[in-house]
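Here it is, the structure in full.
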Amino acid sequence: MGPTGHPARPGAHVPEPRAPGVPPDAADPAPVELTTAVAAERAAVPESGNRSQEEITGYVRSPSDVLRTVVFGLATLLLLVLAKWSRDAVLSLENDLIQRSSFLTPTIERILVGALTLVVLVSLAAAWATPLVTRHYRLFGYLLVGNVVVSLLLWGAESFLDRGHPDFLMREVAQRTGVDSPLTLYGISQTATSFVLLAPFVSRRWRRAGAVLLTLITLLRLIVPATLPATLAIALVLGAVVGSGTLLMFGRPSGRPTQAAIAAALTGSGLPVAELEPAAVDARGSVPYFATLQDGSRVFAKVLGADQRAADLLFRAYRFILLKNVGDERPFSSLRRTVEHEGLVSLMARDVAARTPRLRAVATVGRDSILLTYDLIEGTSLDRVPDEAVDEQVLRGIWEQVAILRRHRIAHRDLRRANILLDREGAPWLIDFGFSEVAAGQALLDADVAQLLVALALQVGVDPAVDTAIATSGPEAVAASLPRLQPNTFSGATRDALKKRKDLVGQIREAVSTRCGVPEPKLEALDRISPRTIFTVLMLVAVTYFLLPQLGDVPGMVDRIREADWAWLPAIGAMSALSYVGAALSIAGSVPARLRPLPTFVTQLASSFAGKLAPAGLGGMALNVRYLQKSGVDVAVATSGVGLNTLGGLVVHAFLLLVFAVWAGRSVFDTIRLPHPEVFLWGALAVLALTAVMFAVPWVRRLVVTRLRPLLRRSIGGVASALRSPGKLVLLLGGSAVVTLSYIVCIYLCTRAFGGDLSLATVGAVYLLGAAIAAAAPTPGGLGALEAAVIAGLVAAGMDHTIAVPAVFLYRLATFWLPILPGWAAFTWLRRSDFV
């Protein structure tokens, strides 16, 4: 987007001209020398669409094609979704369009359809003749690939839709069609593809003619709808996406203004050129040149075109999706507005006495390009000078220039080292204002300080960069940059350099905090889509996927619950809440560290939301591991602690099952048949055999020795430490017992609410056995399996099904459904409070 070399201020010493940042012995491309007469002749050439002003230097994958492919691809998907899943609305619209276009007689309609088919065929023939006329024979391959692919995709789209059109629509269409409608439908899609493919190879006049022809074909097809309108729209957009995708895959002509056209544009802007040469400098997003004028002075020129505009839009869209509050969400309306903005900021910065090149000219050149010209500063960009050349005086000079911009609310927003130029006398210049903002907010000004701190620290170290920043800009300005010291806001070059020094940003934050006498603040939340956000969205999708089918029976559950004795409901709710207290006690006893009571309880409540995402409570287990990590527990110890908590729950469950089985009596389990012991024996042997085979593989053994053994050692150490403490053991087993007993009492109270008379021992035994069976079900919380097992068990134990069914549904409502909303609120609080 900007040069690395630029202008001299009036009165500045200008040494012998040399390309900034290029060694004296570097071999530059051969310059183009122009006499005054030739330059004047070139200046008289009009720029509007004359292809002689551009040259094809090769074939490249253009950002413009990336942008078009993405936009047309999204439009195609949207149309397919609307046509597929909004069938009634789309068919109604199509019916209205067909009925409203019935003003023509059948004879005229058939004539128009025939003429339309002929126009499509002629258009396709003209498209195939274009490579011969333009002598771009590569186009034959483009057209062949594009037309074949679009035909296959259109056939696939029609098969995917398969909307089963109502008879009245198809009959109406058939009456109007005198020819085979698929012929023109596929022809229209191929015409759209060919139009997109030919556009980079023909002049603007022919592009406009093609757009008019395609529009006329579409309108005629709507007037005489031999094809349903929705299918026609899909064919057109699909043709555009295939054309853009083909250009993206194989490359479009890399057309850029010729050096003669650039010299003519400069001469026409009052800068008569004597010599023009390409510049071997970092000019991101533009094509740079050095020009020597007839008076002996030198200027730097950069050419920006449609590709740079598309790249800027993609970059801003990417940043908008990932980041928020970084100031670059709104793109400019056109390339001209982009260039005008850069010129405005450059002029304003120079007017407030910032050391930046003087803007000399802005001119159009070629078909879609604009030229920006600055005075040339002889020097070298900061990223190319030796580290020892950047002394304290240079650092102070850089910070003084940034301080001038801050005082006048100008945010540079791209203060990487390539955009800081040192002239021959060592004075720093700021260049490239293509991404800058005027009347900038405080956050953008602070981001400038943060980015410059990191860029300078990469070259001179943390202490010199921070000390000169504080001495020049003041501790308040430097301290205000702390929330913005995070890599995702820096330029790409700075982020790449940080990959080799990942601890640098943390060192800068610590140094700024110490020298400014302020605590390190919480980093500003700039991620619009963070891993946490993705995790939450996936959780919501999973909850919806797993639980939505079950919501169909909610009205029936509500009707049954209305028949309950409401006096039991407070006790039922209390037992459900008590289970989370038990879960908090159990997790606190599973790790050696001391956990804070309130966040631990809230985490268990949040697990009522997270635990609905996977079988066997895996979502809740993952949440507990994350919470323990954030609480300072080693990851291996946290994982083993959660496993120990689960194991403790299984032990308590088995023990209580034995107790309640003895208490309830043998009759309750007469119908239960356990698997034959041989099944368990063969299963154990299979596991042992598989383990032996795996350990025979060398890389598996290395993985176990280098990765798993250290983790297991730490895990066993953490588990042993927890088990050696009587208090931790009591919390672990006691908490698990509270969880299980609270569920038993809860379901017993639910049966009482509907008039059930089974004893607590019987209900408890049935529940424990049903929960054990449902644990193997591949649904969150054993959804469906637990209800079926417990209802069957209660009925087998002598309870009437008219009581057992609503009682179990009331229990699931209290322990499974109602906690989801407070669990989501608890999960949100944990994320915002940085506990997970």
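The values are calculated or read from the model by the stated rules, or taken from the named source; none is laboratory data. Please read these numbers as outputs of a predicted model, since none were measured by experiment. Virtual Cβ from ideal backbone geometry, glycine too; neighbours counted across all protein chains shown. For accessibility, only protein heavy atoms count, side chains too; no ligands or nucleic acids. Shrake-Rupley method; radii C 1.70, N 1.55, O 1.52, S 1.80 Å.
Listed highest first by mean packing, meaning other Cβ atoms within 10 Å per residue, what order do 457-470, 237-250 come in?
237-250, 457-470
Ok, one more. Ignoring ligands, DNA and RNA, how do Glu510, Glu437 rank by accessible area with a 1.4 Å probe, largest first?
Greatest to least solvent exposure: Glu510, Glu437.
Post the alpha-carbon centroid distance, the range 572-605 to the range 247-318, in whole angstrom.
Using only Cα atoms, the two centres lie 66 Å from each other.
If you count, for each residue, the other Cβ atoms within 10 Å and average over each peptide, how do 762-773, 375-386 line up from highest to lowest?
762-773, 375-386
May I pose another question? Using a 10 Å cut-off on Cβ atoms, rank the peptides 741-750, 481-490, 140-149 from the highest mean neighbour count down.
My ranking of the peptides, most packed first, is 741-750, 481-490, 140-149.
What ranking of Trp568, Trp817 comes out by heavy-atom accessible area, probe 1.4 Å, highest first?
Trp568, Trp817
Next question. Too long at a 25 Å Cα-Cα cut-off: which of Lys302/Lys499; Lys324/Lys502; Lys302/Lys500; Lys502/Lys630; Lys302/Lys324?
The answer is Lys302/Lys499; Lys302/Lys500; Lys302/Lys324.
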